[in-house]
Structure formats: C-alpha cells, structure tokens
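Read through the structure below, which is laid out as structure tokens, and then see the notes.
The values are calculated or read from the model by the stated rules, or taken from the named source; none is laboratory data. The structure presented is a predicted model; accordingly, all values stated were derived computationally and were not measured. Positions of Cβ are generated from backbone atoms using ideal geometry, with glycine treated the same way; all protein chains shown enter the neighbour counts.
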C-alpha cells in the first residue's frame, strides 16, 4: 500500500520515510502542502497519508478539508502529525477531517499501530464497496445469464426512449423467444436448459453492437434495445442475432442441441413519442406473428 508523507522538515520527513518503508509500505514523500494535495488528487493517489500540521503552501488541516470535500473519490485515511498536543488542537484536526493524530516526538511503534489501524479500515471499506457493487449488480442483472433483468431492461428502455425523444432519434426494439424451449427442459432437464439459456445470452451479446442493450425479459424471452436504428437496420440486427444463435449447435453433455429463435422487431421513430409499454407490446405482437408463421424467423410491426 502506498503511503504519502508530507513534512517540510527534511530530518522528520526522512525519519517518517524510513519507518513507513521498514513496515513494508511504499513511501511517497513530499516537502510541502501543495505537493501533498496534488499527490492525493491523482487517480492513483495514496490511500493513506501522514501530514504535518504546519507546511508551506497548505497546512495539514487544510488538506484534510479539501480531501473530505471531494465527491465520488476513493477514501483517504489521514494521520495528522504535530507538536501541538492541546485538546483544542486535537478537536480542530479531527473536525478538519483527519482520522488519527500523533504528537511529536513519537516512537516508531506509535506510528506503526496507527498505520495498521488505517490499513484495516481501508481494507474493510474495500470489502464493503465490493459487497455494495455485488448487491447493485444482483439488483439489476439476471443471476443466470448476467444480462439486464426484467425490471432493469425496461428501465433502460424508458431512458433510451426519453433520450431519443430529446435528440429526435429512433430506437429499435427486438423481442426474442427460443423456439420449443420447454421441449428442451422436458427432454434434457433444467440444468441443460439453463446451459442453453446462458450460451444463448452469450451469443446474443456477441451479435449486437457494443452500445446495444440485451436483457432477459423472462423465461426464455430476451429483449434487445437498439439505439439509433431504423426499421431496416433493426430487422437486419434481429436476423443476425437469430443466425448467431442457430449457426452452431450448443454443446451439452453427451451431445448438442440446435437452437432456433423467433423474433419480433419494431421501432420508435424519431419524433414519435411512445412509452416503453407500447413499444414492447408492438414487439410482442411481432413475435407472436413470427411464431404463427412457423417460428425460426423475424417479423416486423409498426407500433400503434
């Protein structure tokens, strides 16, 4: 872990650098407050800082306040170092945003325990952030396929329709259904069925553009949002997705399964205000038409 050391006094700075390095940390030493602030502002800035209270350019408490005023920046654990030991100074330093406080002169072990406490807190925070990120992903993504889940893909669609209305752009929508998927589950079991869904989702993601959005709408149905596409381009993309899924049988234990797909496509045209419910209903009608026509094909309808 990188540790920033900011002290304008060369001997004190060297002593701190030696202590920090001997404890196994990567020491980055600067001689004034401005340098310290610039180091902490970098995207790869140190997550832990030891700041002298009085320095040229900017004091330790000033740096603390600036660091705490940042939004959406990684947390920096700050230890203030000073020769002032009154309660008022302690309160001032902590109010400025310092996490800990050490007075001169100090023993190396005093700094050691503070650094280790800071590292524990930073490690716990990283675990918390990772847990939070995982919860956010689980709240918006399908657990089996990793695609957007039903609620999230509809939310993305509403956002995209609003954006398209503002920019006078079009939005294509494709609703796909794996043909005879129930037969796969009944014949091979749900574990194989899940494998088919996961591989189908992977192939869909490969077939679309990087900024298209693919979601699991429910069961064996998938919804694709195609920003900026007219009717022809949306149908062509739907056909490409269907061809990608059908092109190579999906390998399963003791064999393989040929997958066929029916798709319904529609477009919210530029300047035509339409809500997400109506556009999905249109794609659903087109999908029904594709199934009625014999499956394994793409059908198109105009939203009502």
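Taking strands (runs of 3 or more DSSP E) that do not extend beyond the range 185-288, which have at least 2 residues that are on the phi < 0 side of the Ramachandran plot and touching a residue at least 40 places away in the same chain (Cβ under 8 Å)? Outline the logic, then answer.
Numbers: elements: 213-218, 221-227, 250-252, 255-257, 261-268.
Those strands (runs of 3 or more DSSP E) span 213-218, 221-227, 250-252, 261-268.
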Original post:
From the set of residues in the range 56-112 that are assigned to a helix (DSSP H, G or I), surrounded by 15 or more Cβ atoms within 10 Å (Cβ to Cβ) and touching a residue at least 40 places away in the same chain (Cβ under 8 Å), which is nearest to the chain's Cα centre (by Cα)?
Top reply: 63
Original post:
Out of (1) surrounded by fewer than 19 Cβ atoms within 10 Å (Cβ to Cβ); (2) in a helix (DSSP H, G or I), the odd one out for residue 115 is which?
Top reply: (1)
Subject >> Which listed residue is in a strand (DSSP E or B), assigned by TED's automatic domain parsing to the domain that holds residue 215 and either in contact with a strand residue (DSSP E or B) (Cβ under 7 Å, 6 or more places away or on another chain) or more than 20 Å from residue 208 (Cβ to Cβ) (or both), from 157, 176 >> reply: 176
Original post:
Name the residues in the range 24-42 that are surrounded by fewer than 16 Cβ atoms within 10 Å (Cβ to Cβ) and over 17 Å from residue 67 (Cβ atoms), would you?
Top reply: 24, 26
